[in-house]
Amino acid sequence: MPWAGCEIRERPDGGREFDLAEPTLSWIRIDFQVRLQFGEAELQIEGPFALRVLGNEHQLDPADRSGLGPLLAVYPDTAQTAAMDPDGTLRLLFVSGASLTVPPDDLYEAWNIGGFWCPPGGFR
């Protein structure tokens, strides 16, 4: 199955690796979600997540838009790796050293990249 702007490989442990065709972060959009655009691939974050940037860790939530300011520090940047742990936690590392960690949400789809969703509760 083709995925928009990325190739997805399943790891032996049940996790996934996302190879972005265009790893440069094109833009950030904030509405009821956080959206990071990498060429054709869009990462949508719908639940709380952690951002580590410039040596500081921030707990962010798209529902609290006024607290999302630290996210702007990742633009411009380039994704170095994007991977999902077997439980559904998404980990995105940028060339600058900044990183995003998006855990599964018990009730909602926590994230989506290129059309691949983390279902409610993750992958248990």
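Throughout, read-outs are computed from the coordinates displayed, never taken from laboratory work. This one's a predicted model, so the numbers in the text were calculated from it and none came from an experiment. Here Cβ is always computed from backbone atoms with ideal geometry, including for glycine, and neighbour counts include all displayed protein chains.
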**Study point:** FRET efficiency for GLU40 and ASP106, using Cβ-Cβ distance with R0 set to 35 Å, rounded to 0.05
**Key:** 0.70
Study note, to complete from the structure: One finds the C-alpha centres of segment 1-33 and segment 76-109 to be spaced, in Å, by 10
Review point. Is the shape of segment 28-78 rounded, prolate or oblate, going by the alpha carbon gyration tensor and its root eigenvalues a ≥ b ≥ c, with a/c under 1.5 for rounded and a/b larger than b/c for prolate?
Key: oblate
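By average Cβ neighbour count within 10 Å, what is the ranking of 6-19, 106-119 from highest down? Write down the numbers at each step before the final one.
Working: 6-19: 14.6, 106-119: 17.6.
Going by the mean number of other Cβ atoms within 10 Å, highest first, we get 106-119, 6-19.
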Exercise for review: Starting from the Cα-Cα distance between ALA4 and ARG52, subtract it from 0.36 nm times their residue separation and give me the gain in nm to one decimal.
Suggested key: 14.6 nm
Revision key, fill the gap. With bins of 5 Å, the percent of all Cα-Cα pairs of segment 6-116 per bin from 0 is 2, 12, 25, 27, 21, 10, 2, 0
Point to revise | Length added when fully stretched, ARG65-ASP31, from 0.36 nm per residue minus Cα-Cα | key: 11.5 nm
